[in-house]
Amino acid sequence: MSTKTRVPAVEGMFTLDDEPHLIGGKIKGRDSFFFPAHLGGGDPAAPGAEIEEVPLSRTGTIWSFTNSEYSPPPPFIARTDPYEPITIAAVQLEAEQMVILGQVADGWTVNDLAIGMEMELIVDTLYEDDDNEYLVWKWRPTGAGTGESEATNAEAN
Amino acid sequence: MEDIAILGVGMHPWGKWGRNFVDYGVVAARNALEDAAIDYAEVGFVSGAITVRNGYPGYVAGSTFSRALGFTGAQVASSYAACASGATALSVARGQILSGACDVALVIGADTTPKGFLAPNEGKRPDDTDWLRFHLVGATNPVYFALHAQRRMSLYGATEEDFAAVKVKNARHAVSNPNARFTKEYDIDDVQASPMVSNPLRLLNICATSDGGAAMIVSSMEYAKAHGHADPVRVKGISLVTPTYPDTVLDLPYLATDSAASTPAPDLDFKSSIGASVYAEAGVGPDDVDVAEVYDLSSALELDWYEQLGFCAPGEAEGLLRDGVTTIGGRLPVNPSGGLGAFGEAVPAQAIAQVCELTWQLRGQAEGRQVEGAQVGITANQGLFGHGSSVLVAK
């Protein structure tokens, strides 16, 4: 078991509880949501309005998906050497009516995904150094649990 | 909006030459001046498109090109709008001409680009969505192109062969284009044998980054008529619109779309609104268009543009492609130059290069790739951070 300190790769974008949420922005009194909270733009019906931080829905459906067969350039830090392709999904949140991009949990490839598939948010390792494990949000098929076995089953399906 | 005249166009060929970007701009400007058959002293305004990859000289591109050509005391401006920078520079020039600030303007852009993926500026910058998308998600530009390609496959039944067929078509168009970087013909199998980059897009579906330069000499219609250009190609419309909130189509460099929970998504998505705006300004419609140069950052994105520019309904682009409508000889050839697939992207020059190609097409000078009888042409281009552009030209 790792004894490294678990820290967000970038502060303030997601919670670290058992059922993590992305931290979005919302205009007070208006259902206009943004992600990241303070970099996600504005609503011209309320220009310059104060934005409060709110947890966003932690499940949604795949809007689209792909992978990166080659290692992205810095500031991406590959977790593995040699690089293993990462899978990426854009997920539509029903309540917020917005699409949010993220890596897909380990073990899932593009062959396992389809537009419309239900996904849930997890927090997982982005990269590590000697002291810390740097965390990021990722998407995972809903109810898949953790570990390689489910992924293998999914591939067999 | 009144028309302006395109008196001259010119390029430096696209490639991987590794020289100073200024050299390419100067060659393109000299070619455009020669094509316009006017003295440089006539140019009252230099409108430069900025490159952000070549240090300070790139940030003040208008001035840098002016100095390289020889300072004349002309007015100067520099514009940056990512891939739409060249069209922005053209729009600024049009404004100067139509306001009476000058009669003749030089619009110019050139770039020297690094090899491989385009990446954000260095340093830890969590307040920059361009940095965040690379660091946290590994979302390169091809990742976004692939998200759109995957949707075409899932929603419209597009196939990898369709995407390959776009590349095959455009490669054939480019074979005799002296300014194209890639002039080799490919067949479907070549494309399908190239390495997968971001599923379903392979290397030959994705445009490279290139060195290149493009320039235009534009003027008022009065100046054109008084100086021997009786029937010039005209700029009839320029669109530089932003998206309209909420922009619900995910695109680079963002991690998320706007939310449609408080305001319904607009009738037209961002890229469709770019085309709609230029048609409205020009007073023509998609049915009037004879030839188009669109931003095929990936071959699948070319298909999206058929729909976004109104050439067909959503889901029908593959039909146009398969029926040969968008091949030279068809009813509405797209990317007769070979497009980005054959050029590679030289960011500040690209939107200008699109208009150069249409100018040659409308004059009947596109040797080896001529769209016969073309009278109306449209460009379309996608930038970053809500930039995009379209230019409509006509004889």
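Which is farthest toward the positive dipole end of the range B:268-395 among B:V355, B:A282, B:G386, measuring Cα position about the Cα centre, with Cβ charges +1 (Lys, Arg) and -1 (Asp, Glu)?
B:V355
Using Cα pairs under 8 angstrom and six or more residues apart, how large is the relative contact order of chain B, in percent?
Normalised by residue count, the contact order of chain B is 25 percent.
For the range B:1-74, state which chymotrypsin sites (Phe, Trp or Tyr not before Pro) are in a DSSP loop and have at most 14 other beta carbons lying within 10 Å of their beta carbon.
Listed in order of number, the matching sites are B:F71.
How large is log10 of I(q)/I(0) for the range B:266-308 at q = 0.20, 0.22 Å⁻¹ when the intensity is taken from the Debye formula with one equal scatterer per alpha-carbon?
-0.68, -0.81
Where in chain B lies the longest segment free of GluC sites (Glu not before Pro) that are both loop residues by DSSP (not H, G, I, E, B) and have at most 15 other Cβ atoms within 10 Å?
B:186-315
Can you pull the percent of chain B's accessible area that's carbon plus sulfur, 1.4 Å probe, other chains left in place?
Here it works out to 50 percent.
Count charges around B:T112 for me, please; just the other residues with Cβ under 15 Å from its Cβ, Lys/Arg as +1, Asp/Glu as -1.
+1
How large is the accessible surface per residue of the range A:1-102, computed with a 1.4 Å probe and reported in Å² as a whole number?
Result: 49 Å² of accessible area for each residue.
Determine, at each q value in 0.13, 0.14 (inverse angstroms), the log₁₀ of I(q)/I(0) that the Debye formula gives when each Cα of the range B:68-170 is one equal point scatterer.
Taken in order of the listed q values, log10 I(q)/I(0) reads -0.83, -0.89.
What does the charge count around B:R152 come to, taking other residues whose C-beta lies under 9 Å from its C-beta (Lys +1, Arg +1, Asp -1, Glu -1)?
Taking every Cβ under 9 Å from that of B:R152, the sum is -2.
Net charge within 12 Å of A:A89 by Cβ-Cβ distance, Lys/Arg positive one each and Asp/Glu negative one each, not counting A:A89 itself?
-1
Using alpha carbon centroids, what distance separates the range B:80-131 and the range A:23-60, in Å?
30 Å
For the residue pair B:D287 and B:Q75, what label-to-label distance in nm results when each label sits 7 Å from Cα along the Cα-to-beta-carbon direction?
Distance between label points: 4.0 nm.
Under the definition of partner shielding as Cβ atoms of other protein chains within 10 Å of a residue Cβ, what is the mean value for peptide A:98-108?
Partner Cβ neighbours, averaged per residue: 4.
Ignoring GluC sites (Glu not before Pro) that are buried or in helix or strand per DSSP, and keeping those with at most 12 other beta carbon atoms within 10 Å, what is the longest stretch of chain A between them?
So the longest stretch without any such site is A:95-157.
Please state the relative contact order of the range B:179-312 as a whole percent: Cα pairs under 8 Å, 6+ residues apart?
Value for the range B:179-312: 21 percent.
Would you tell me the mean number of C-beta atoms belonging to other protein chains that fall within 10 Å of each C-beta in A:71-82, as a whole number?
The shielding value for this peptide is 5.
Using a Gaussian network model of chain A whose springs link C-alpha atoms within less than 10 Å, name the residue from A:A114, A:A37, A:A46 with the highest mean-square fluctuation.
A:A46
Contour minus end-to-end for B:K395 and B:N121, with contour as 0.36 nm per residue of separation and end-to-end as the Cα-Cα distance?
The B:K395-B:N121 span can extend by a further 94.4 nm.
To the nearest 10 Å², what's A:R79's accessible area with a 1.4 Å probe?
110 Å²
Using the Cα centre of the range A:1-101 as the reference point, and only Cβ charges (+1 on K/R, -1 on D/E), how large is the resulting charge dipole? Debye, rounded to the nearest 20.
120 debye
The values are calculated or read from the model by the stated rules, or taken from the named source; none is laboratory data. Since we're looking at a predicted model, the values are computed, not measured. Don't worry about glycine lacking a Cβ; one is built from the backbone with ideal geometry, like all the others, and counts go over all protein chains shown. Quick note on the areas: whole protein, heavy atoms, side chains included, nothing else; ligands and nucleic acids left out. Shrake-Rupley method; radii C 1.70, N 1.55, O 1.52, S 1.80 Å.
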